[in-house]
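The values are calculated or read from the model by the stated rules, or taken from the named source; none is laboratory data. Source: prediction; values computed, not measured. Virtual Cβ from ideal backbone geometry, glycine too; neighbours counted across all protein chains shown. To get the accessible areas, we keep the full protein, side chains included, count just its heavy atoms, and leave off ligands, DNA and RNA. Shrake-Rupley method; radii C 1.70, N 1.55, O 1.52, S 1.80 Å.
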Amino acid sequence: MVVEDVPLYSAWNLETPKLPKRSHLYSLQPGGLGTARVESLTSYLSRLAEAHQIAVGSLIRYEITPWFLIYSQSPRLSRADAWQVSWAIWQRNPKLLQETTATAWLSASQPVKRIVHALETLTLRQDLAGLTLLPWSPLFSLTHAFHTEPFWCPMCYQEWRESGAIHREPLMWSLEGVNVCAQHHCYLQLWCLYCRQPQPFLRLNTRMGYCSNCGAWLGRSVEPTVFRTEDLQKKRWLFWCADAIGELLAFTPSLQLTRSDQFSRRRRKPQLTAFLKRCYKLGISCIEGLNLLSGSVDGVQLCLPGFESIR
């Protein structure tokens, strides 16, 4: 065979490829980040459990709780000793971290920070704080920012079911100022229509969209709420508040990047609902209110009467 006729093949690369670090749990993409309908942390937990085909209670008990207990021990303990101490605590209180109240799961308290940190470590994600109001805690007092019981829009559930979309519970449904669905112009639901029972914030053994008490489907088609003439002012406030909170949640990723130390230097932080009421009365958007609350718009110091009285 003539040398010129011998085919030439490219050289093989025998280097071992560098594989990315594997996460312990699926690195599930949070829904709606950077939008008004960003999902809540409890919604993410439910979807994460469903992706692993286990109950939420099992995910918390066997994955999150051990991590939480081990990493809460003194750093001076060895890994083996930390496991032993954590096991003893877990045996004494097997329901640890299975609390389903708004105070335990949705407030901007230290436990929520640790739960977010645990989930980010287990999933290798860095954006799960955006599923809570933690980014807003330096600016607002979040003590009474949430409903004491979860609300939901039955029409949203019904549309997701009919379109085959993934069920996600928006964070805004949990907030005290949101009582209507701005998309479907109806009141949010509080009780199951079949058993008349409220729902927990975190369903440990049932799927999203289904009653935790009787298992009935929580979605249905509803007509837009008709307000009486004397209630038009109330209607304007309800829908303005829902839109404003959605605007704040959509602004969260920008807030994480642009937040300055002047927020944390405020001695008394206003309640979120009080802040929204003040913006509504002044006829300004909540983003304009944020600039005024921080004391600066485009670098110019401002002092608007009314905002100093927010509590």
In nm, give the distance between the simple-model label positions of THR143 and ASN205, each being 7 Å from the Cα along the Cα-to-Cβ direction. 3.6 nm
Which cross-chain or sequence-distant (5 or more) residues have an amide H under 5 Å from the amide H of CYS153, H modelled 1.01 Å from N in plane? GLN189
Any idea of SER74's accessible area? Nearest 10 Å², probe 1.4 Å. 50 Å²
Compute the distance in nm between two label points, each set 7 Å from the Cα along the Cα-to-Cβ direction, one at THR229 and one at ASN213. 3.9 nm
First check a/c for segment 114-194, with a ≥ b ≥ c the square roots of the eigenvalues of its C-alpha gyration tensor; if it is under 1.5, answer rounded, and if not, answer prolate when a/b is larger than b/c or oblate otherwise. oblate
Counting sequence-distant residues (5 or more places) and residues on other chains, those with an amide H built under 5 Å from that of CYS186 are CYS181, THR225
In segment 12-61, the chymotrypsin sites (Phe, Trp or Tyr not before Pro) that fall in loop regions by DSSP, at most 10 other Cβ within 10 Å: TRP12
Rounded to the nearest 10 Å², the accessible area of PHE275 using a 1.4 Å probe with every protein chain kept is 0 Å²
What list of ³J(HN,Hα) values in whole Hz, one per residue of segment 183-196 in order, does the Karplus curve 6.51 cos²θ - 1.76 cosθ + 1.60 (θ = phi - 60°) give from phi, with Gly and Pro shown as x? 6, 10, 6, 9, 5, 6, 8, 10, 10, 5, 6, 8, 9, 6
Each label sits 7 Å from Cα toward the beta-carbon; between ILE54 and ARG161 the label points are separated, in nm, by 2.9 nm
Accessible-area order for ILE166, ILE115, largest to smallest, probe 1.4 angstrom, reads ILE166, ILE115
Whole number in Å², please: accessible area per residue of segment 159-259, 1.4 Å probe, ligands, DNA and RNA not counted. 54 Å²
